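A.B. asks: Let me give you the structure first, and then I'll get to my questions.
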Amino acid sequence: MSGFENIKPSYDEWMYWAQVVIDRLTTVSHVYGQPPHPDVFIREKERQDKLSSTVAVMKHLHELTDAYELSIPQNALDASQREDNLIMELQPVFAAVQERLPEWSGDMQRLLKSPWMHECNGKLATILFRGPEGREEEGIGSGVVDNGRLPAKIAEMMDREAAGGDRAPRIEKPRMAESRMRREDIARLWSKQNGAFLRTAGRMD
């Protein structure tokens, strides 16, 4: 292993990638909420179940990260323990996301009529599958770890966490994931393409 692989992901990394997951799942929930192509069939109960379960994952991530970001530790020791506790709570959520990514990607490819690798069907699909411009590891890709992108990034973080060793120190307050499109912009783009505003089931702002 390299030195980098022997270092556990920092609190900043966990928070950053939690935001990336939330951003991608916001798009997934919008697509489940209002599939854009009437000729692509999905049973109503299946659609509603998948929408609800996707929103539940996003809500869980929001609840975890918001609670820790809004709390004020009394001292450095409290802050370090608080961050370690959050990371412990995030790990099973990331593992569940990794398990479900292939299904999410498959559904999105079908509902958006878009391939995941290249020549995606529109800007929304491009950001979902390939990530914002220049940040492909933030796209969900095929959902399979072997094909890289976000699934591989999550796997790498989980492996580094499990390997032990020291944790990378905090350098700065975790920056927001640079989706290059705010969630509000994604909703407006989707609305423009489909002639009606999206349902707000996946909106957390």
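A.B. asks: Return the long-range amide H neighbours of Arg167 (sequence gap of 5 or more, or a different chain), with a cut-off of under 5 Å between placed amide H atoms.
C.D. replies: When sequence neighbours closer than 5 places are left aside, the close amide H contacts are Lys8.
A.B. asks: When Tyr32, Tyr11 are ordered from fewest to most other Cβ atoms inside 10 Å of their Cβ, what list results? It would help to have the intermediate numbers written out before the result.
C.D. replies: Numbers: Tyr32 26, Tyr11 23.
Arranged by neighbour count, lowest to highest, Tyr32, Tyr11 become Tyr11, Tyr32.
A.B. asks: Ranked from highest to lowest mean number of other Cβ atoms within 10 Å per residue, what is the order of the peptides 80-90, 15-25, 130-140?
C.D. replies: Per-residue Cβ counts within 10 Å, averaged per peptide and sorted highest first, yield 15-25, 130-140, 80-90.
A.B. asks: In region 110-140, whose amide N lies under 17 Å from the spot 7 Å out along Cα-to-Cβ of Val40? List them in ranges.
C.D. replies: 110-131, 140
A.B. asks: Rounded to the nearest 0.05, what FRET efficiency do Ser80 and Glu156 have when you use their Cβ-Cβ distance and R0 = 35 Å?
C.D. replies: Efficiency computed from Cβ-Cβ geometry: 0.90.
A.B. asks: Let me ask you something else. What is the order of His30, His60, His37, fewest Cβ neighbours within 10 Å to most?
C.D. replies: His37, His60, His30
No lab work stands behind these numbers, since they all come straight from the coordinates. Values in this document were obtained by computation on a predicted structure and should not be read as measured data. Using ideal geometry, Cβ is built from the backbone for each residue, glycine included, and neighbour counts are taken over all protein chains shown.
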